[in-house]
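Read the structure below first, then the notes.
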Amino acid sequence: MNRRSFLKTSAGVGTLATLKLNAKSSEIFKGSNEKGVASVCEMCSTRCPIEAKVVDGKCVFIQGNSKFSSNKTSVCARGGAGVNQLYDDQRLVKPLIRDGKRGSGKWKEASWDEALDFCAKKLNEIKDKYGPQAVVFTSKSGESHTQLVNLACAYGSSNIYSHWSCCPITEKIAVPHTFGSSPKRDFANAKYIVNFGHNLFEGIVISDTKKLAKFANDKSTKLLVLEPRFSGVAAKADEWLPIRPGTDLAFLMALIHVWLRDGKYDKKFVEKYTVGLEELKMAVKDSTPKWQESHTGISADTVERVADEIYKASPKVIIDWGHKTTTTRAEYQRTRAICIANALMGNFEKEGGIYFGKNSKTFNTLCGEELFPVLANPNSVFKVPKTPRIDGCGEDGHRHKFIPRKHGVLMDIVPAILSQKPYPVKGWVSTRFNYLINVAGEVDAIKAIKELDFVLAIDIYESDFAHFADVILPVATYLERDEGIQDKSGTAPGFYMRNKVVEPVGGTMGGYELFRELARRLNIDKDYSWNTVAEYRMQQAKGNAELIASLEKDGYVGWKVPKVYYREPKFISKFVEKYPNASQFVDENGNMSSLMKFKTPSGKIELFCAQVEEALPGEGCLHTKDMDCYDGYDLCLMSGKTPIHTNGHTQNIKVLNDMMSEAPIWIHPNTAKKQGLKDGQRVLVRNKFGEGRAKIMFTEGIREDALFVYHGFGHISSGLKRTNGVGFNQSKILNPADGPVCGTMVTNVGVELVKI
């Protein structure tokens, strides 16, 4: 694309019209010693565009990036606390090498040269003695995961993991199995939303949360929430159905049964764009509203009424599949049922329904010319080795065949270390992933870590995992580092980029530089085509300096193009009016039917998934197995996100700890009364997998057969001085067995409470 085209198309949010190259600081904040820097948050996984105010070289304030219209200046409590993390006197700023027994908390400070050389020496020793597959690499997903993957591939290990299997893995697999990709949800324009605990008011995603809040306040819309507790999103609902834990699938199959029984679904859409209707009919023929009553606790009349309401509101309906998909071993079928319900309502590529995300490449195709920049991928040279993994992911004939080899099944790491099967594992490299808080089986995990020859943790704090490491490398916070360009397209092309706000405290290093340097010292860096983040960005941008400069200045660059839904003629006509070349895709009905291409094996939405059925017989179509979360106990303990903290990462940040230092277990007063328990009392929570101590809190906002706790407390690292020993770590009592197809960890578990 030439400069003229770029200028022409960048008349939207981030403009180049007044840009001077290399002008990094925006004029967001005024003052002789003040500047504003546009960047990207990393206090959770959402990555909201932000603006940071810097006074006399110190970051003093963070707000949302006003140029990103979905968020404007909004940030959540965690986002605002980034400053407190940056200047926390308990964060790590010097490399540490263990100076006592593993887990003793005894360390000696080291120079970066000393620490990196020591890590390279130990990793090369393991590689020489056992082979590269003997080291596992774990990371939370995001850019740090990408850079860790590069290092692992260069090292030669196929045992690479992200946090997917303990959080969103079912969404990442079941949704594409149905649609071929992960569609977007048009929360802003829907008329009816069915929510199965996708709690956007606690697990906050600013842009979606604002849209859902506006939706919930609209008298003409309906928000139906099915969740065992009266959560933040349930409190905003028009109707709350306190469903029994783990039984969403039964409710969904009853809905589908009613729609197919009565012929109340979009027949033309289903006939044209789906496969597997007959198999689906067979699968739900007995899942009547009456049948589901005993599973869900919801009356058959309610199911009949809700089915009719949704059908009448279609296609402006969304049956929301959520993000944290770990409620039951039947999670794959539950998420598939949600996708199928959407398909039956014919809401795909309809305003107020679900739609394909459209990036620059798609818009260039639609417009018939290269109007918007398309990024290159400097990481494409790094390939996951084809050697067998310890969890079998991606391998034909294995139950984990459909799980991506860059993400894996975390629960399989510890058994492999302890059993030395299928081969010895002797080393573990982890960046900002606290396995001991997030993955089932804390006790066995500690045993396994102590068996290893070498453990490297890369983190901001001495997390629980880092507490047991041999070396901790202090990584720079997101306010102290530059990173690559990321796609932020949805209904229009857009990009954002993390920019360094202040110089790193104590000389800490960002992930790009750290992994690049470690690769050099391991002598495995021949495939790296860049030495600095600046070079990396320039390769991504294909030499487009204007794009990089604009992102350095504004943090976000987007383009104002008319929305286009492929099955909405009124939107298509407006798009064609601005981009006449797009008329070639318009059919006689005013739609863009030829662009309705689903990247599934059949090329259509798969109500029945033949590839899954062939590999894992019985899993290709909906079934009612594996919904039980009680395992013989009277109570099911659930967990979820709080708006104050991010999983197990933020409990030690002072301002957030001041707002929420502990998470008691929710219990219904009637349940507590039966056991003679008092509000605020401490109890032993136990089952056959383990036990832990916790405080209980009375609330009528939960079913009598369910308990709930906010995830992320119960830290054991002495380096986390504000939160060490406070609260309950749910991983102690979780079942390590994963769910079929997706390998998801299940965070609903049967327990009993014992007085102490």
**Message:** Can you classify region 170-357 as rounded, prolate or oblate using the Cα gyration tensor, where a ≥ b ≥ c are the square roots of its eigenvalues, rounded means a/c under 1.5, and otherwise it's prolate if a/b beats b/c and oblate if not?
**Reply:** rounded
**Sites matching trypsin sites (Lys or Arg not before Pro) across region 411-457 that sit in DSSP coil, with at most 13 neighbouring C-beta atoms within 10 Å** = none
**Fill in**
Descending packing, highest mean Cβ count within 10 Å first, for 241-251, 348-358, 262-272 is 241-251, 348-358, 262-272
**Message:** At a 10 angstrom cut-off on C-beta neighbours, averaged per residue, how do the peptides 559-569, 291-301, 106-116, 495-505 rank from highest to lowest?
**Reply:** 495-505, 559-569, 291-301, 106-116
**Fill in**
Ranking LEU212, THR170, TYR192 by how far each Cα lies towards the positive end of the charge dipole of region 170-357 (+1 on Lys and Arg Cβ, -1 on Asp and Glu Cβ), the top one is LEU212
**Request:** Can you pull the one-decimal nm distance between simple spin-label points at VAL754 and ASP658, each 7 Å off the Cα toward Cβ?
**Result:** 4.0 nm
**Request:** Roll a 1.4 angstrom probe over the protein heavy atoms and tell me the percent of accessible area of region 170-357 that is carbon or sulfur.
**Result:** 50 percent
**Prompt:** Percent relative contact order of the chain, based on C-alpha pairs within less than 8 angstrom and at least six residues apart?
**Reply:** 20 percent
**Fill in**
One finds, for LYS129 and GLU503 with R0 = 41 angstrom and r their Cβ-Cβ distance, a FRET efficiency to the nearest 0.05 of 0.55
**Fill in**
Using alpha-carbon positions, the gyration tensor of region 635-755 gives root eigenvalues a ≥ b ≥ c; with a/c under 1.5 called rounded, otherwise prolate if a/b exceeds b/c, else oblate, the class is oblate
**Fill in**
Beyond 20 Å (Cα-Cα) in this structure, taken from LYS563/LYS597; LYS172/LYS211; LYS358/LYS578, we find LYS172/LYS211
**Prompt:** Mind ordering 224-232, 85-93 by average Cβ neighbours within 10 Å, highest first?
**Reply:** 224-232, 85-93
**Message:** Restricting to Cα pairs below 8 Å that are 6+ residues apart, what does the relative contact order work out to for region 635-755? Please round to a whole percent.
**Reply:** 35 percent
**Item:** Of PHE251, SER231, VAL439, farthest towards positive along the dipole that unit charges on Lys, Arg, Asp, Glu beta carbons give the chain
**Value:** SER231
**Message:** Rounded, prolate or oblate for region 687-756? Axes are the square roots of the Cα gyration tensor eigenvalues, ordered a ≥ b ≥ c, and the cut-off for rounded is a/c under 1.5.
**Reply:** oblate
**Message:** I'd like the distance between the alpha-carbon centres of region 104-125 and region 629-656, rounded to an integer number of Å.
**Reply:** 34 Å
**Request:** Along Cα→Cβ, 7 Å out, is where each label goes; now give me the distance between the ones at PHE201 and ASP444 in nm to one decimal.
**Result:** 3.9 nm
**Which labelled figure in (i) 28.9, 101; (ii) 25.8, 75; (iii) 24.5, 72 is Rg and Dmax of the Cα atoms in Å, once derived from the coordinates** = (ii)
**Message:** Over region 635-755, how many pairs of lysines fall under 13 Å by alpha carbon, counting only those 8 or more apart in sequence or from different chains?
**Reply:** 7
**Prompt:** What percent do you get for the relative contact order of region 170-357 when only Cα pairs under 8 Å and 6+ apart count?
**Reply:** 34 percent
**Asked** In Å², what does the accessible area per residue of the chain work out to with a 1.4 Å probe?
**Response** 37 Å²
**Asked** Of MET497, LEU514, ALA466, whose Cα points farthest to the positive end of the dipole of region 443-577 (charges on the beta-carbon: +1 Lys, Arg; -1 Asp, Glu; origin at the Cα centre)?
**Response** MET497
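The values are calculated or read from the model by the stated rules, or taken from the named source; none is laboratory data. Every value quoted in this text rests on a predicted model; they were computed, and no experiment measured them. Because the Cβ atoms are built from the backbone with ideal geometry, glycine has one as well, and the counts that use them run over all protein chains shown. Accessible surface is based on the protein model in full, side chains and every heavy atom, while ligands, DNA and RNA are left aside. Shrake-Rupley method; radii C 1.70, N 1.55, O 1.52, S 1.80 Å.
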